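A.B. asks: Can you keep this structure in mind? I'll have questions shortly.
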Amino acid sequence: MQVKLGIQLLKEEGLLERAGASFYYDAFQFCASCSDKRNAKQWVKKALEVETLGRGPDTPTAKQYKGYLEDPSRHRSFGLRPRQTLTGPVV
């Protein structure tokens, strides 16, 4: 997955805390669009962790991520693509 490559490059450059949430969120959206709730939750959890570290737990974005963590099917793209099981982030 290209998102994983982007995240690795951000880590190497020391930029993950500033830009990583958007990469994690992109992966979440793709998993959600394929109805892959398990991996969508893993990706949005990572996005929430980075958002919380960088900006705090009470930002509108963090609150949005918390909602998606509870139920990925809330996202507008959920189920738009054929059902697939994708991959989650490396833990």
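A.B. asks: Between Arg76 and Leu53, take the C-beta separation as r, use R0 = 25 Å, and let me know the FRET efficiency to the nearest 0.05.
C.D. replies: On the way: r = 26 Å, r/R0 = 1.05.
Approximately 0.40, to the nearest 0.05.
A.B. asks: Count the lysine pairs in the chain whose Cα atoms lie under 22 Å apart, taking only pairs 8 or more positions apart in sequence or on different chains.
C.D. replies: Taking the chain as the scope, the lysine pair count is 18.
A.B. asks: Could you please rank Val90, Val50, placing first whichever residue has the fewest other Cβ atoms within 10 Å of its Cβ? If you can, show how the numbers build up before the last one.
C.D. replies: On the way: Val90 9, Val50 23.
Listing Val90, Val50 from fewest to most nearby Cβ atoms yields Val90, Val50.
A.B. asks: Hey, another quick one. Which of the peptides 77-84, 40-47, 64-71 is most tightly packed, and how do the rest follow, going by the mean number of other Cβ atoms within 10 Å of each residue?
C.D. replies: Details: 77-84: 12.5, 40-47: 23.6, 64-71: 16.8.
Ranked by mean Cβ neighbours within 10 Å, highest first: 40-47, 64-71, 77-84.
A.B. asks: Compute the relative contact order of region 2-74 as a whole-number percentage, counting only Cα pairs closer than 8 Å that sit 6 or more residues apart in sequence. Please report the intermediate quantities before stating the final value.
C.D. replies: Values: 77 pairs, mean separation 20.3, N = 73.
About 28 percent, as a whole number.
A.B. asks: Looking at the square roots a ≥ b ≥ c of the eigenvalues of the Cα gyration tensor of region 43-91, which shape do they give, rounded for a/c under 1.5, prolate if a/b is larger than b/c, or oblate?
C.D. replies: Working: a/c = 3.30, a/b = 1.57, b/c = 2.10.
Oblate shape, in that a/c is at least 1.5 and b/c is the bigger or equal ratio.
A.B. asks: What ranking do Thr87, Thr52 get, fewest neighbouring Cβ atoms within 10 angstrom at the top?
C.D. replies: Working: Thr87 14, Thr52 17.
Taking fewest neighbouring Cβ atoms as first place, the list is Thr87, Thr52.
A.B. asks: Return the equivalent ellipsoid semi-axes of the chain as a descending list in whole Å, where each equals the square root of 5 times an eigenvalue of the C-alpha gyration tensor. Provide the component values of the computation, followed by the final result.
C.D. replies: Numbers: eigenvalues 86, 54, 15 Å².
So the three semi-axes of the chain are 21, 16, 9 Å.
A.B. asks: Apply the Karplus curve 6.51 cos²θ - 1.76 cosθ + 1.60, θ = phi - 60°, to the phi angles in region 70-79 and return the couplings in whole Hz, x for Gly and Pro.
C.D. replies: Couplings: 5, 8, x, 6, 5, 5, 4, 8, 4, x Hz.
Every read-out reported here was derived from the displayed coordinates using simple, explicitly stated rules and does not represent laboratory data. Please read these numbers as outputs of a predicted model, since none were measured by experiment. So basically every Cβ, Gly included, is an ideal-geometry build from the backbone, and we count neighbours across all protein chains shown.
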